[in-house]
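Notes follow once the structure below has been shown.
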């Protein structure tokens, strides 16, 4: 089927939930017929309790119990952090005054971190922060916790409260950065501060890296810190950044919350499309103007989705791990994606979020043309932002784009581009992944499954590919479809309970990381 035919076919299908019901009913008959002639397997995943008994020895473990005064202080510290407008408008336009003020705020609210003798603090490129925490056991390979200080711009328009007010209302803290990503900055340091006050001494060394320009590429923050560590010969066991959450209501047919640890992220390309035509007076227009030609070209791009890449990333692994949490017939469907994968992938196309998981996306973000209302424009330009699926490359996406546009009058210029990163390991030998998985199970008992995924955005951790192969993206915060829209949108907010739990998660994770290794769980696959 052609790209355009696939798009037309997709437009005829109904809502995602209805599609799941139709899929389930239609597949039931197929399953019952096939089960007599095929060996359809059902997966049973390892019980989370099978991983107990690891981490710091029980006698030295510090319980994650915080006093009322500590809970109040951590809430107020986050609110004050939100009030500091550390906005990054572009790589050349960052609110540096606010960046300096934010650094002073960190010193004020986390005094133990800045005064402990086994912690070294460095400022990189004037506004980013690198903390080196030296552990007592040099045999254990170090790791890193990563977050960023900067936020995207926000005006008061459309917000229920001013976006930099840090206002508390109905159990939530409102403001730009409450989810992306000052909550992580503050939670990481808060957890460490509370551990230090309880006389914690880590066994495994680790780093805390806080970049100041992630929202505008990270080239002067994370990229410089990564280069600094590489020059020192540092190799890290794993790195944890933002980019995965406790998700609820994101995948059709999956009713319970699940945790997604992103083991890769999409590549990116900003592509300028340009059309040149003869200028002239608007009173005698040609059949097509430069604007019309370009508008038709980008319309074809919007109407023709990139190929469905289901199975070329983490999608199958993610869905297969839902099988053990699903009833009949979904458990059979998800356990046998070799058969039902094409149908399931079409269901995933229905939601913008899950659609972005299974294909390269193309978003028209800028369109420029014209100098006067009665003058035919000589030049029309459009910029399309691509997020490239891990199963594709820059050159492949560029070729597909040119084939979709199919107009020699359109010129192309790649403004910036980078390929997707390789998948980080997520098997039972992957220490960083299993560390996250175990800690999630401990702190979020309501989670039905912990699954690998692909971050549909871009994060600072991609700059660290030369110092670690274990690049993981997980922010221990529950996220609904509504709250997902507030990231870079209106009324961004975090519940106070969610932030307290985030601090607790990091408090536990730092201690869990002191383990030398994670024991292998028992697992079984039964054949019918």
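The values are calculated or read from the model by the stated rules, or taken from the named source; none is laboratory data. Small disclaimer: the values here were computed from a predicted structure and weren't measured. Every residue, glycine as well, gets a Cβ built from its backbone with ideal geometry; the counts of neighbours run over all protein chains shown.
The residue list 80, 141 contains one member that is at pLDDT 95 or above and outside any loop (DSSP other than H, G, I, E, B), which is 80. Looking only at the stretch 481-500, filter to residues that are surrounded by 15 or more Cβ atoms within 10 Å (Cβ to Cβ) and assigned to a helix (DSSP H, G or I); which one of those is nearest to the chain's Cα centre (by Cα)? That would be 484. Within the stretch 188-218, if we keep just the residues that are at pLDDT 95 or above, within 19 Å of the chain's Cα centre (by Cα) and in a loop (DSSP other than H, G, I, E, B), the residue that is farthest from residue 114 (Cα to Cα) turns out to be 218. Every condition in (1) without any contact (Cβ under 8 Å) to a residue 60 or more places away in the chain; (2) farther than 29 Å from residue 396 by Cβ is met by residue 352 except one, and the failing one is (2). Quick check: is even one residue across the stretch 329-341 at pLDDT 90 or above, over 25 Å from the mean Cα position of the chain (by Cα) and surrounded by fewer than 16 Cβ atoms within 10 Å (Cβ to Cβ)? Yes: one or more hits. State yes or no: is residue 452 in a loop (DSSP other than H, G, I, E, B) and either within 28 Å of residue 304 (Cα to Cα) or outside the structural domain of residue 387 (by TED's automatic domain parsing) (or both)? Criteria not met by residue 452. Taking (1) in a loop (DSSP other than H, G, I, E, B); (2) more than 28 Å from residue 220 (Cα to Cα) in turn, residue 436 satisfies each apart from (1). For the stretch 354-377, the set of residues classified as surrounded by fewer than 16 Cβ atoms within 10 Å (Cβ to Cβ) and touching a strand residue (DSSP E or B) at 6+ places or on another chain (Cβ under 9 Å) consists of 363, 364, 365, 366, 367, 368, 370, 374, 375, listed by residue number.
Among the residues of the stretch 103-112, is any assigned to a strand (DSSP E or B), farther than 30 Å from residue 469 by Cβ, in contact with a strand residue (DSSP E or B) (Cβ under 8 Å, 6 or more places away or on another chain) and in contact (Cβ under 8 Å) with a residue 24 or more places away in the chain? Within the stretch 103-112 (the criterion being assigned to a strand (DSSP E or B), farther than 30 Å from residue 469 by Cβ, in contact with a strand residue (DSSP E or B) (Cβ under 8 Å, 6 or more places away or on another chain) and in contact (Cβ under 8 Å) with a residue 24 or more places away in the chain), the answer is no, since none of the residues qualifies.
Residues in the stretch 168-185 that are free of Cβ contacts under 8 Å to residues at least 24 places away in the same chain and at negative phi: 169 only. Can you name the number of the only condition in (1) surrounded by fewer than 17 Cβ atoms within 10 Å (Cβ to Cβ); (2) within 19 Å of residue 184 (Cβ to Cβ); (3) at pLDDT 95 or above that residue 464 fails? Result: residue 464 fails condition (1) only.
In this structure, is residue 476 touching a residue at least 60 places away in the same chain (Cβ under 8 Å), surrounded by fewer than 16 Cβ atoms within 10 Å (Cβ to Cβ) and more than 25 Å from residue 382 (Cα to Cα)? No; evaluated as a whole, the condition is false for this residue. Answer yes if at least one residue in the stretch 284-306 is buried (at least 22 other Cβ atoms within 10 Å of the Cβ), more than 20 Å from residue 411 (Cα to Cα) and in contact with a helix residue (DSSP H, G or I) (Cβ under 9 Å, 6 or more places away or on another chain), and no otherwise. No: the stretch 284-306 contains no residue that is buried (at least 22 other Cβ atoms within 10 Å of the Cβ), more than 20 Å from residue 411 (Cα to Cα) and in contact with a helix residue (DSSP H, G or I) (Cβ under 9 Å, 6 or more places away or on another chain).
When the stretch 91-102 is limited to residues that are out of contact with any strand residue (DSSP E or B) (no Cβ under 6 Å at 6 or more places or on another chain) and modelled with pLDDT of 95 or more, the one that is nearest to residue 152 (Cα to Cα) turns out to be 93.
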